[in-house]
Amino acid sequence: MTGPVSAGVPPNSVIGRALTLLTAFRAGEEELSLVELTRRTGIPKPTAHRLLGELAGWGVVERADGGWRLGMTLFELGQRAPGQRGLREAAAPFLADLFQATHETVHLAVPDGTEVVYVEKLTTRGGPVVGSRVGGRMPAYCTGVGKVLLAFGPPERLAAVVGAGLVRRTPRTVIAPGLLADELARIREQGVAVEHEESTVGIACVAAPVLDGGAHAVAAISITGWANRLDTGRLGPAVRTAALGLSRVLRSRI
């Protein structure tokens, strides 16, 4: 699953249509009206209303004043996902140490298609408002964690990202495939990725890969802060140390 859908031809199966409705919710949206859900998914209003009613019976969605919102059952199911839960538990001490040492926002992210999904976030007071959230997604090509996952990931992942198109999000976003490939080569040499106002104006970050038993990244750790004061050169070694420590823990569990 690669994120929210847009209006078009909805799936034929009941399960497909139900998932299409659920993935129509975007990061930061607490509720959506029935009209907006049908617009985004292309599912006829009577069908959408019926499916939402059945999903509400399972606690997957809930009725709200303005329409519908995601339900507690989804949160409970997410907590049972063994892969990401185990990763978060193993990463917790490393993320906490990094947060205490830097007093900056700390992220843990994993790859999913052409995007990254944030599985943990520690936020500091006084830091910038970052658009990330636990369970939220961002493009891989313009985020620090995403670039690390591309640099230390299989070639097919980068090919999919380039094939989907590199959209300019800020004046600093790298949208030329050749320039992106050159940057990823430097990241592989240096072991860290630096993003400076490429995903969001005013924000910078430095990220490092969490590696499996080989050379592929299964996750990434980053520090994010104000672009005009975050010293990525000074903080890079700390992020890399945390990522290497988590890599060793994960390899010991294989």
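All of the numbers you see were taken from the coordinates with simple rules; none came from a lab. Computed from a predicted structure; not experimentally measured. All Cβ positions, even for glycine, are placed from backbone atoms using ideal geometry, and neighbour counts span all protein chains on display.
Distances between every pair of Cα atoms in the range 66-195, grouped in 10 Å steps from 0 to the bin holding the largest one, split as 11, 36, 35, 17, 2, 0 percent. Dividing the convex hull volume of the alpha carbon atoms of the chain by its residue count gives 143 Å³ per residue. Taking only alpha carbon atoms, the range 14-78 gives an Rg to Rh ratio of 0.92, where Rh is the Kirkwood radius. Computed from point charges on the beta carbon alone (+1 for Lys and Arg, -1 for Asp and Glu), the dipole magnitude for the chain about its Cα centre is near 140 Debye. The gain in end-to-end length when the Arg133 to Leu19 segment is fully stretched comes to 39.0 nm, 0.36 nm per residue minus the alpha carbon separation. Computed as a quarter of the hull surface, the mean projected area of the alpha carbon convex hull for the range 141-206 stands at 3.9 nm². Taking 0.36 nm per residue of separation and subtracting the Cα-Cα distance, full extension of the segment from Ala164 to Glu29 would add 46.1 nm. The equivalent ellipsoid that matches the C-alpha gyration tensor of the range 148-254 spans semi-axes of 23, 19, 10 angstrom, in descending order.
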